[in-house]
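So the structure is just underneath, and the comments pick up after that.
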Amino acid sequence: MSIEDAEVPKIPNFELSQKHFLLRSVTANVRHPKEILDELIEEIKKEHLAPYYYYLYHTLKIPNLKWDQSLYQSLIEENEKEILLLKQKIKDVEKEDEGELETVKGWIKLGEYYAKIGDRSNAVDTLREAQKLAPSTGSKIDILLTITRIGFFFDDKSFIKSSLDQVNNLIEKGGGDWERKNRYKTYLGIYLMSTRNFTESSKLLIDSLATFTSTELTSYEDIAMYALISGAVTLSRPDLKKKLIDSPEILAINGNSDKLKPIYNLINSLYSCKYGSFFQHLLDTNDQILLNDKYLAAHSSYYIRELRVRAYAQLLESYKSLSLKSMADQFKVSIDFLDKDLCKFIPNKKLNCVIDRVNGIIETNRPDNKNSQYQLLIKNGDSLLTKLQKYGAAVRLSGAERVN
């Protein structure tokens with residue numbers, strides 16, 4: 001079997017990174033933290049994850065995790081045995097001159113083992129060595145994607161970006177088949193979402209729904225959830241319907257799982273203008289999805305704020321003026337809450353309206369798009385004329401020099 005034909009292993013184990021995120025988070029809704037901690041310890045013992053155990057205790061300082069030196073030492077010994085065996089296999093392959101391909105496989109196996117046990121430094125260094133020896137662009141991309149997953153596991157965003165940039169460079173040079181390009185698209189979509197670039201991430205994640213193969217990084221269910229999350233704040237109202245609400249892939253998952261329901265119901269309430277249920281669905285999305293996800297938790301406040309702005313703006317778009325009471329009734333919130341919430345977005349022009357508190361009226365003042373376009377045309381025209389005048393002066397000066 002060639003390197004290209006090998007199945008992509010689920011290394012590192014992202015179930016572990018999700019669990020240690022939940023244990024560290026002060027906002028996640030963790031009902032049984034002791035059970036999660038016990039599961040982590042059990043996995044550490046079972047798979048001999050000595051470097052990961054060290055990372056959890058000394059770097060992440062996981063609450064209630066106890067340090068057992070004798071356990072750590074026994075895990076180290078098991079790691080050393082396996083590493084010695086894998087290194088010996090590489091030496092045997094080189095000694096027997098079994099070919100470049102077998103040598104690369106040996107280095108990849110060693111790098112993957114380091115990644116599996118949580119030894120980030122040795123994993124990256126070893127996989128870099130494998131990348132140098134890899135005979136094809138496709139295998140180089142596979143190795144770089146494994147390195148990228150290590151960045152995701154340790155939540156190192158600059159490292160992830162650097163690795164994805166290297167993958168993109170290889171793809172742009174003509175490397176990578178259809179499947180690798182799709183895997184890259186999924187990786188990039190999740191990275192962009194984790195860095196709050198929901199506009200670009202929504203495009204990639206929605207496209208990934210029909211071509212998803214990256215089970216080594218995340219589940220298909222999670223990709224659908226991320227597509228919904230990203231699209232909710234960026235897509236136009238018609239696209240919410242076309243690309244998300246009526247998406248065959250999302251409908252299929254939503255029919256068999258409750259995981260998507262909070263964000264799916266939120267998008268539905270927004271599209272259908274069912275403002276009375278909007279805040280409940282928004283709260284469910286925050287509590288059940290955003291705060292409990294390692295990629296989204298840091299952006300929960302921003303996300304909730306943007307969705308509120310979107311809902312308010314959508315309702316106000318239909319009115320020249322509207323009473324505070326009427327709007328509060330539609331959203332099923334108090335007048336006082338709505339008044340204070342709107343005032344957070346009016347000064348920074350997130351909402352184009354003013355509040356007349358004496359009469360309890362909201363008056364919209366939509367920007368005059370035609371006037372702004374006219375002003376932009378005049379500005380651009382002036383700039384173009386200035387450039388033409390400078391060009392003309394330069395041409396005349398050049399002609400005069402030639403005559404002389």
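The values are calculated or read from the model by the stated rules, or taken from the named source; none is laboratory data. What you see is a predicted model, and the numbers here were worked out from it, not measured in a lab. Cβ sites come from the backbone with ideal geometry, for glycine too, and all protein chains shown count toward neighbours. In case anyone asks, the SASA skips ligands and DNA or RNA and just uses the protein heavy atoms, side chains included. Shrake-Rupley method; radii C 1.70, N 1.55, O 1.52, S 1.80 Å.
Annotations
- Remark: pairs (first residue in the range 51-72, more than 23 Å from residue 30 (Cα to Cα); second residue open to solvent by 60 Å² or more (accessible area, probe 1.4 Å); Cβ separation under 8 Å; 6+ apart in sequence or on different chains) = 51/120; 71/45; 72/54.
- The range 299-329: number of residues that are assigned to a helix (DSSP H, G or I) and either closer than 21 Å to residue 229 by Cβ or open to solvent by 60 Å² or more (accessible area, probe 1.4 Å) (or both): 18
- Subset tally (residues that are in contact (Cβ under 8 Å) with a residue 24 or more places away in the chain and open to solvent by less than 10 Å² (accessible area, probe 1.4 Å)) for the range 119-133: 2
- Qualifying residue in the range 348-369 (condition: assigned to a helix (DSSP H, G or I), surrounded by fewer than 10 Cβ atoms within 10 Å (Cβ to Cβ) and either at pLDDT 95 or above or under 38 Å from the mean Cα position of the chain (by Cα) (or both)): yes
- Selected residue (criterion: most open to solvent (accessible area, probe 1.4 Å)) from residues of the range 52-72 that are farther than 26 Å from residue 112 by Cβ and over 26 Å from the mean Cα position of the chain (by Cα): 66
- Looking at 96, 42, 77, just one residue is under 27 Å from residue 142 (Cα atoms), of a type in the set (D, E, K, R) and either surrounded by fewer than 16 Cβ atoms within 10 Å (Cβ to Cβ) or touching an Asp or Glu at 6+ places or on another chain (Cβ under 9 Å) (or both), and that residue is 96.
- Close Cβ contacts (under 6 Å, 6 or more residues apart or on different chains) running from residues in the range 197-224 that are closer than 21 Å to residue 264 by Cβ and touching a residue at least 24 places away in the same chain (Cβ under 8 Å) to residues that are open to solvent by 10 Å² or more (accessible area, probe 1.4 Å) and small (Gly, Ala, Ser) comprise 221/257.
- Number of residues in the range 7-29 that are buried (at least 16 other Cβ atoms within 10 Å of the Cβ) and more than 19 Å from the chain's Cα centre (by Cα) equals 2.
- Some residue of the range 247-256 being out of contact with any Phe, Trp or Tyr (no Cβ under 6 Å at 6 or more places or on another chain), closer than 23 Å to residue 195 by Cβ and open to solvent by 20 Å² or more (accessible area, probe 1.4 Å): no
- Subset of the range 338-347 [closer than 26 Å to residue 281 by Cα and open to solvent by 80 Å² or more (accessible area, probe 1.4 Å)]: 340, 344
- Filtering the range 324-361 to residues that are out of contact with any strand residue (DSSP E or B) (no Cβ under 8 Å at 6 or more places or on another chain) and of a type in the set (Asp, Glu) leaves 329, 336, 341.
- Hits in the range 87-110 (condition: without any contact (Cβ under 8 Å) to a residue 60 or more places away in the chain and among the hydrophobic types (A, V, I, L, M, F, W, C)): 90, 93, 107, 110
- Among the residues of the range 167-183, those that are open to solvent by less than 60 Å² (accessible area, probe 1.4 Å) and on the phi < 0 side of the Ramachandran plot comprise 167, 168, 170, 171, 175, 180, 182, 183.
- Selected residue [open to solvent by 70 Å² or more (accessible area, probe 1.4 Å), within 30 Å of residue 138 (Cα to Cα) and over 26 Å from the mean Cα position of the chain (by Cα)] from 84, 101: 84
- Of all the listed residues (195, 186, 148), the sole one being under 17 Å from the mean Cα position of the chain (by Cα), open to solvent by 10 Å² or more (accessible area, probe 1.4 Å) and modelled with pLDDT of 95 or more is 195.
- Top-ranked residue of the range 198-218 - restricted to ones that are surrounded by fewer than 16 Cβ atoms within 10 Å (Cβ to Cβ) and polar (S, T, N, Q), ranked as nearest to residue 17 (Cα to Cα): 215
- Residue 119 vs. criteria in contact with a Lys or Arg (Cβ under 9 Å, 6 or more places away or on another chain) and either of a type in the set (Lys, Arg) or at negative phi (or both): no
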